[in-house]
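Trainee: Got a structure for you, questions after.
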Amino acid sequence: MQTIFLGAPGCGKGTQASVLAEKFSIPQISTGDILRKAVKDGTELGKKAKAIMDAGGLVSDEIIIDLIKERFNQPDCSKGYILDGFPRTITQAENLDKLLGSKSPIKAVIYFDVQEDEIVKRLTSRRTCSSCGYNYNMFTDPPPAGMECKFCGGKVIQRDDDKEATVRNRLVVYKEKTEPLKNYYEKQDKLIVIDGARSVEQVRTELIELYKKLAH
Ligand code: AP5
């Protein structure tokens, strides 16, 4: 079962996708995570992407589509996946439709509805383990006092793109390039809107029920 998690940066896509993916034994495909790993590993892709990501812009559609094609070829994608942070432009969505064809189309697109003030608060208070990628939040799930990850001991940091000025730019880019995807998938009758402003647990409970229904 192929689904997309759609919504503004910080709406909770990654938080929920990681848990659902584990529960339903399918991969979470996060283009942001793939790009961050490339940056960390110092690959050619990482070098191209770093400045764009730090400024809150979007990496080119061409690069992202190649990256997704490569990821879909891996065997763990055979039973489905959750796309987290992709597609992010109409061009990416059209390419995804072409790539999947009618054999394995996207089953549903889950849109996380969260107001801008809450988004800014969540992102500027997010802290991330630089080793395993676990996301903490200074209000709801603070990291240990020494800023060492409770899971792997890695250093917990603030992502460069979680500083307030960059967050605001990411929101501008989101409105211009990504928000039109709501309409794109509404026309395909695939859009499901959920209230993402509730607690992590409340959103999770709704998503698990939704996934059980979609799986039938
Ligand atoms: P990416 O990593 O995809 O960033 P994003 O979409 O901006 O997503 P975030 O990780 O910021 O938000 P999220 O919705 O996953 O929120 P989370 O669950 O972590 O992309 C980074 C960059 O890579 C982009 O800016 C771009 O440059 C590039 N890129 C990636 N994909 C691309 C593509 N397809 N095309 C082109 N460029 C691309 O939650 C955020 C915080 O809120 C956490 O602290 C969490 O604990 C907290 N939180 C979550 N849910 C709740 C809740 N219900 N209540 C309270 N707090 C909550």
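Trainee: Specify which of the listed residues (Leu171, Leu191, Leu123, Leu181) is in contact (Cβ under 8 Å) with a residue 60 or more places away in the chain, surrounded by 18 or more Cβ atoms within 10 Å (Cβ to Cβ) and away from the ligand (no atom under 14 Å from the Cβ).
Mentor: Leu191
Trainee: Right, something else. Here is a check on your reading of the model: is Gly56 on the phi > 0 side of the Ramachandran plot, buried (at least 18 other Cβ atoms within 10 Å of the Cβ) and in contact with a Ser or Thr (Cβ under 8 Å, 6 or more places away or on another chain)?
Mentor: Yes; evaluated as a whole, the condition is true for this residue.
Trainee: Related question: Please pick out the residue among Gly42, Gly56, Gly12 that is out of contact with any Phe, Trp or Tyr (no Cβ under 8 Å at 6 or more places or on another chain), at pLDDT 95 or above and not polar (S, T, N, Q).
Mentor: Testing whether each residue is out of contact with any Phe, Trp or Tyr (no Cβ under 8 Å at 6 or more places or on another chain), at pLDDT 95 or above and not polar (S, T, N, Q) leaves just Gly42.
Trainee: Can you give me the number of residues within region 75-120 that are free of Cβ contacts under 8 Å to residues at least 12 places away in the same chain and either surrounded by 17 or more Cβ atoms within 10 Å (Cβ to Cβ) or within 21 Å of Ser18 (Cβ to Cβ) (or both)?
Mentor: 2
Trainee: Test Arg127 against the criterion of being among the charged types (D, E, K, R) and touching a strand residue (DSSP E or B) at 6+ places or on another chain (Cβ under 7 Å), and give yes or no.
Mentor: Here the answer is yes, as Arg127 does meet what is asked.
Trainee: Identify, please: which residue in region 194-209 is part of a helix (DSSP H, G or I) and free of Cβ contacts under 8 Å to residues at least 24 places away in the same chain and is, among those, farthest from the ligand (Cβ to nearest atom)?
Mentor: Glu209
Trainee: With the structure loaded, tell me whether Gly32 is in contact with a helix residue (DSSP H, G or I) (Cβ under 6 Å, 6 or more places away or on another chain) and either closer than 30 Å to Ile208 by Cβ or of a type in the set (Gly, Ala, Ser) (or both) or whether it fails that test.
Mentor: No.
Trainee: Any residue at all in region 137-151 that's within 17 Å of the chain's Cα centre (by Cα), modelled with pLDDT under 95 and near the ligand (Cβ under 10 Å from one of its atoms)?
Mentor: The answer is yes; a qualifying residue exists.
Trainee: I'd like the full set of residues that are near the ligand (Cβ under 10 Å from one of its atoms), of a type in the set (D, E, K, R) and free of Cβ contacts under 8 Å to residues at least 40 places away in the same chain, limited to region 9-55.
Mentor: Lys50
Trainee: Related question: Limited to region 83-137, what total is found for residues that are among the small types (Gly, Ala, Ser) and not in a loop (DSSP other than H, G, I, E, B)?
Mentor: Here the count works out to 2.
Trainee: Mind listing whichever residues of region 71-95 are at pLDDT 95 or above, out of contact with any Leu (no Cβ under 8 Å at 6 or more places or on another chain) and among the charged types (D, E, K, R)?
Mentor: Listed by number, the residues that qualify are Arg71, Asp76, Asp84, Glu94.
Trainee: Just the residues that are among the β-branched types (Val, Ile, Thr) and either touching a strand residue (DSSP E or B) at 6+ places or on another chain (Cβ under 9 Å) or more than 11 Å from the ligand (Cβ to nearest atom) (or both), please, taken from region 63-120.
Mentor: If the condition is that a residue be among the β-branched types (Val, Ile, Thr) and either touching a strand residue (DSSP E or B) at 6+ places or on another chain (Cβ under 9 Å) or more than 11 Å from the ligand (Cβ to nearest atom) (or both), then Ile68, Ile82, Ile90, Ile106, Val109, Ile110, Val114 are the ones that fit.
Trainee: Got at least one residue in region 142-156 being without any contact (Cβ under 8 Å) to a residue 60 or more places away in the chain and part of a helix (DSSP H, G or I)?
Mentor: no
The values are calculated or read from the model by the stated rules, or taken from the named source; none is laboratory data. What you see is a predicted model, and the numbers here were worked out from it, not measured in a lab. Because the Cβ atoms are built from the backbone with ideal geometry, glycine has one as well, and the counts that use them run over all protein chains shown.
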